[in-house]
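Undergrad: I'd like to ask some things about the structure below.
Here, each number is a calculation from the coordinates, and none is a lab measurement. These numbers were taken from a predicted model, which means no experiment stands behind them. Methodologically, a virtual Cβ is constructed for each residue, glycine included, from the backbone with ideal geometry; neighbour enumeration extends over all protein chains shown.
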Amino acid sequence: MAAKPAGVILAGGRSSRMGGTSKALLELGGQSLLAHVIHRLQPQLDSLLLSTGGPETDLESYGLPLVADVSPGYQGPLTGLYSALQYLSRTGTKAGLVLCPCDAPFIPLDLVEKLVRAAAGNPASVVVVSYQDYLQPTFSLWQNHHLPAIHDAVVNRGDGGLKYMLRSLPHIVVEWVSAEPPPFYNVNTPEDLKIAAHWFDRLPA
């Protein structure tokens, strides 16, 4: 595989469908959702960041660099991506940035490899996952040169939508094969967490 990119886990959402409880800290199989994501994603990357939304956070114990949103007020995942790319632009990282949410405990162990492979020879493009014909923009690979366009969307227009950004930039779609448990399953509601627990209990020991 080519040089490993950096990654950022989006952990700054409002969790409104969870009654305001941080989704990152919800427990699944004795560990937080965030711990599951870190465990599966971190070995695939050169470095890993946490996008926290604001400066006050209860995620320091995970030992990852925390990146607060550079724009005031939560404007959606695009702001987290923008803030992480800004952070990396000061470190000299050039292999791209993989975006991932904090509430997806079944992330594929070969996610980054497939995103990087799809990007080979197409450095101008964003690479994004599609699963069962549904685009999954929070599972994607972005490059440093996308920063000016993202800056314009976030800072000048106040847009926080990843799908909007994808429509504005060339992108490659990686169609993912169906699997169990669903590899890009998101936990957004208490019922989602119960379903995730069902899938988790069926994982091989």
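Undergrad: Pull up all non-local amide H partners of GLY7: gap of 5 or more, or a different chain, and H-to-H distance under 5 Å with H placed in the peptide plane.
TA: SER47, LEU48, LEU49, VAL98
Undergrad: Determine the sum of side-chain charges near ALA95: Lys and Arg each +1, Asp and Glu each -1, restricted to other residues whose C-beta is under 14 angstrom from that of ALA95.
TA: For residues surrounding ALA95, the net value is +1.
Undergrad: In addition: Which of THR93, THR138 comes first, and how do the rest follow, when ranked by fewest Cβ neighbours within 10 Å? Please list the in-between numbers first.
TA: Values: THR93 17, THR138 21.
Going from least to most buried by this count: THR93, THR138.
Undergrad: Sum up the charges of everything whose Cβ sits under 11 Å from the Cβ of ALA3, counting Lys and Arg as +1 and Asp and Glu as -1, but leave ALA3 out.
TA: Overall, the nearby charge balance is +1.
Undergrad: Ranking THR91, THR79, THR189 by Cβ neighbours within 10 Å, fewest first, what do you get?
TA: THR91, THR189, THR79
Undergrad: Of THR91, GLN75, TRP176, whose Cα points farthest to the positive end of the dipole of the chain (charges on the beta-carbon: +1 Lys, Arg; -1 Asp, Glu; origin at the Cα centre)?
TA: Among THR91, GLN75, TRP176, the one farthest towards the positive end of the dipole of the chain is THR91.
Undergrad: Here is a further query. Filter the trypsin sites (Lys or Arg not before Pro) in the range 83-143 down to the DSSP loop ones having no more than 14 other Cβ atoms within 10 Å, then list what survives. Write down the numbers at each step before the final one.
TA: Details: sites: ARG90, LYS94, LYS114, ARG117; in loops: ARG90, LYS94.
Here the sparse-neighbourhood loop sites are ARG90, LYS94.
Undergrad: Straight-line reach only, C-alpha to C-alpha below 25 angstrom: list the lysines that LYS194 could link to, leaving out same-chain residues fewer than 8 apart.
TA: Reachable lysines: LYS23.
Undergrad: Taking only Cα atoms and a 10 Å spring cutoff, compute GNM fluctuations for the chain and point out the largest among VAL177, VAL129, VAL67.
TA: With Cα springs under 10 Å in the chain, the top fluctuation among VAL177, VAL129, VAL67 is at VAL177.
Undergrad: Follow-up. Please state, as a whole number in µm²/s, the translational diffusion coefficient that the Stokes-Einstein equation yields for the range 6-201 at 10 °C and 1.306 mPa s, with Rh defined as the Kirkwood radius across alpha carbon pairs.
TA: This corresponds to a translational diffusion coefficient of 95 µm²/s.
Undergrad: Going by C-beta contacts inside 10 Å, put ILE172, ILE9 in order with the fewest on the left. Walk me through the numbers on the way to the answer.
TA: Values: ILE172 15, ILE9 31.
Ranked by crowding around the Cβ, least crowded first: ILE172, ILE9.
Undergrad: Oh, and also: Using DSSP to define loop residues, name the trypsin sites (Lys or Arg not before Pro) in the range 118-205 whose beta-carbon has at most 15 other beta-carbon atoms within 10 Å.
TA: ARG157, ARG202
Undergrad: Using a Förster distance of 25 angstrom, determine the FRET efficiency expected from the C-beta separation of ILE172 and GLN132, and round it to 0.05.
TA: The calculated FRET efficiency here is 0.90.
Undergrad: Calculate the FRET efficiency for THR91 and ALA179 from the Cβ-Cβ distance with a Förster distance of 35 Å, rounded to the nearest 0.05.
TA: The value I calculate is 0.55.
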